[in-house]
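Asks: I am attaching a structure below and will ask some questions about it afterwards.
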Amino acid sequence: KQEVTQIPAALSVPEGENLVLNCSFTDSAIYNLQWFRQDPGKGLTSLLLIQSSQREQTSGRLNASLDKSSGRSTLYIAASQPGDSATYLCAVSTSGSRLTFGEGTQLTVNP
Amino acid sequence: NAGVTQTPKFRILKIGQSMTLQCTQDMNHNYMYWYRQDPGMGLKLIYYSVGAGITDKGEVPNGYNVSRSTTEDFPLRLELAAPSQTSVYFCASDRTGGIYGYTFGSGTRLTVV
């Protein structure tokens, strides 16, 4: 059974800092890994999708890496801003088209 | 360009009542999913469908039923609501069975009292 773990559960940083969110998964047989952002009381917004054959994806100040063999992914946020405050969820897609989610990292960026 | 639409956005049910959460998508996606998210937790898969007329159980299906009579619609039925079903419910769809990513609806916040 696929299990996804995200560390840390919560993170508070001052504005402008670069930060890394971690995601690990137990079964390396994945189609892809996706990072989502969730604002309080809202739905999920897809940030980055990394296919199993890829090593990283970038979008603006966000960079996600994938090391399938070790079962790890990181989401790097450069020059953090208060508007980045949200919960970040990592999810992996495995056989049967199912997404398995981690419990998320709650990020607070302080002005 | 609606994407995935869920209704209602909020609902309060009494124990033992029933209701249907609606989900519709206009992207002609074959794959559709229902997830629930409990406070402070990730999402767990309730049911999914790979096309009209085909549904299958996910990780937490007990207390729920689904149907998929059309490509567009994937309603989730709660029979005999229980407090343990208090949660936020998300519907999602995708075209390729997870290969190119998912589109999520904005969620239904359900409270059972």
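The values are calculated or read from the model by the stated rules, or taken from the named source; none is laboratory data. Note that the coordinates shown come from a computational prediction; the quantities given were computed from them, not determined experimentally. Cβ: placed from backbone, ideal geometry, glycine included. Neighbour counts: every protein chain shown. Only protein heavy atoms, including side chains, enter the accessible area calculation; ligands, DNA and RNA are left aside. Shrake-Rupley method; radii C 1.70, N 1.55, O 1.52, S 1.80 Å.
Asks: Using modelled backbone amide H atoms (1.01 Å from N, in-plane), which distant-in-sequence or interchain residues come within less than 5 Å of B:Tyr47's amide H?
Replies: For B:Tyr47, the qualifying residues are B:Trp34, B:Gly58.
Asks: Another one. Taking the convex hull of the alpha carbon atoms in the protein assembly as shown, what volume per residue do you get, in Å³? Don't skip to the answer; put the middle values down first.
Replies: Numbers: hull volume 26.3 nm³, N = 224.
Dividing the Cα hull volume of the protein assembly as shown by its residues yields 117 Å³.
Asks: Using a 1.4 Å probe and ignoring any ligands, DNA or RNA, find the accessible area of A:Thr108 and quote it in Å² to the nearest 10.
Replies: A:Thr108 exposes around 60 Å² with every protein chain in place.
Asks: Compute a Gaussian network model of chain B, connecting alpha carbons closer than 10 Å, and tell me which residue from B:Gly58, B:Gly42, B:Gly16 fluctuates the most.
Replies: Looking only at B:Gly58, B:Gly42, B:Gly16, the largest GNM fluctuation is found for B:Gly42.
Asks: When the accessible area of region A:20-71 is computed with all protein chains present and a 1.4 Å probe, what percentage of it is carbon and sulfur?
Replies: Working: 1110 of 2540 Å².
Exposed carbon and sulfur together represent 44 percent of the surface.
Asks: Assuming a strict under-21 Å limit between Cα atoms, what lysine pair count do you get for the protein assembly as shown once near-sequence pairs (fewer than 8 apart, same chain) are dropped?
Replies: Taking the protein assembly as shown as the scope, the lysine pair count is 7.
Asks: Could I ask something else about it? With a Förster radius of 41 Å, plug the Cβ-Cβ distance of B:Arg77 and A:Ala9 into 1/(1 + (r/R0)^6) and report the FRET value to the nearest 0.05.
Replies: It comes to 0.75.
Asks: List the chymotrypsin sites (Phe, Trp or Tyr not before Pro) in region B:32-111 that DSSP assigns to loop (not H, G, I, E or B) and whose Cβ has at most 14 other Cβ atoms within 10 Å. Which are they?
Replies: Values: sites: B:Tyr33, B:Trp34, B:Tyr35, B:Tyr47, B:Tyr48, B:Tyr64, B:Tyr89, B:Phe90, B:Tyr100, B:Tyr102, B:Phe104; in loops: B:Tyr100, B:Tyr102.
In loop regions of region B:32-111 (DSSP not H, G, I, E or B), the sparsely surrounded chymotrypsin sites (Phe, Trp or Tyr not before Pro) are B:Tyr100.
Asks: What do you get for trypsin sites (Lys or Arg not before Pro) in region B:1-89 restricted to DSSP loop and a cutoff of at most 15 other Cβ within 10 Å of the site's Cβ?
Replies: B:Lys9, B:Lys14
Asks: Around A:Thr100, under 12 Å between beta carbons, what's the net of Lys plus Arg minus Asp minus Glu among the other residues?
Replies: With Lys, Arg at +1 and Asp, Glu at -1, the net is -1.
Asks: How large is Rg/Rh for chain A, to two decimals, with Cα atoms and a Kirkwood Rh?
Replies: With Rh from the inverse mean 1/r over Cα pairs, Rg/Rh is 0.96.
Asks: B:Ala52 to B:Ile15: extension gain in nm, 0.36 nm per residue of separation minus the Cα-Cα distance? Before the final figure, lay out each step's value.
Replies: Values: separation 37, 0.36 × 37 = 13.32 nm, distance 3.13 nm.
That pair, B:Ala52 and B:Ile15, stretches by 10.2 nm at full extension.
Asks: Hey, got the dipole for chain B? About the Cα centre, +1 on K and R Cβ, -1 on D and E Cβ, debye to the nearest 20?
Replies: On the way: 10 positive and 8 negative charges, 61 e Å.
Roughly 300 debye for chain B.
Asks: Can you tell me which of B:Val50, B:Val88, B:Val60 moves the most in a GNM of chain B? Springs connect C-alpha atoms under 10 Å apart.
Replies: With Cα springs under 10 Å in chain B, the top fluctuation among B:Val50, B:Val88, B:Val60 is at B:Val60.
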